[in-house]
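Asker: First the structure, which I've put down as structure tokens, then a few questions once you've had a look.
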Amino acid sequence: MGKSTEIARAKARRLKGMIKESDGIALENERLKAEGRREQAEARREEALARASRAASDC
């Protein structure tokens with residue numbers, strides 16, 4: 001799997017987390033909101049790692 005694919009997957013996962021968080025807000029469900037925020041944070045970390053790895057391999 002290429003680095004661009006990893007970045008795209010992380011962005012898609014972050015979007016999924018945003019949707020979960022927004023659903024949690026609309027439904028007043030704290031668990032769903034928290035789960036969405038957690039997914040977003042994990043996806044941001046994964047994206048940053050993939051970008052760093054890609055930058056390191058470009059050198």
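Asker: Out of region 16-42, which residues are open to solvent by 60 Å² or more (accessible area, probe 1.4 Å) and not in a helix (DSSP H, G or I)?
Answerer: Across region 16-42, the qualifying residue is only GLU28.
Asker: Hey, among ARG13, ARG45, which residue is out of contact with any Gly (no Cβ under 7 Å at 6 or more places or on another chain), open to solvent by 80 Å² or more (accessible area, probe 1.4 Å) and either in contact (Cβ under 8 Å) with a residue 60 or more places away in the chain or not hydrophobic (A, V, I, L, M, F, W, C) (or both)?
Answerer: Of ARG13, ARG45, the one residue that is out of contact with any Gly (no Cβ under 7 Å at 6 or more places or on another chain), open to solvent by 80 Å² or more (accessible area, probe 1.4 Å) and either in contact (Cβ under 8 Å) with a residue 60 or more places away in the chain or not hydrophobic (A, V, I, L, M, F, W, C) (or both) is ARG45.
Asker: Output the number of residues of region 28-59 satisfying the condition of being out of contact with any helix residue (DSSP H, G or I) (no Cβ under 9 Å at 6 or more places or on another chain) and modelled with pLDDT of 95 or more.
Answerer: The number of residues fulfilling the criteria is 1.
Asker: Now for a different question. Taking region 1-10, which residues are open to solvent by 70 Å² or more (accessible area, probe 1.4 Å) and either over 15 Å from ARG44 (Cα atoms) or not charged (D, E, K, R) (or both)?
Answerer: Matches in region 1-10: MET1, SER4.
The values are calculated or read from the model by the stated rules, or taken from the named source; none is laboratory data. The shown structure was predicted, so the numbers you read here are calculated from the model rather than taken from an experiment. Every residue, glycine as well, gets a Cβ built from its backbone with ideal geometry; the counts of neighbours run over all protein chains shown. The area values use the complete protein model at the heavy-atom level, side chains included, leaving out ligands, DNA and RNA. Shrake-Rupley method; radii C 1.70, N 1.55, O 1.52, S 1.80 Å.
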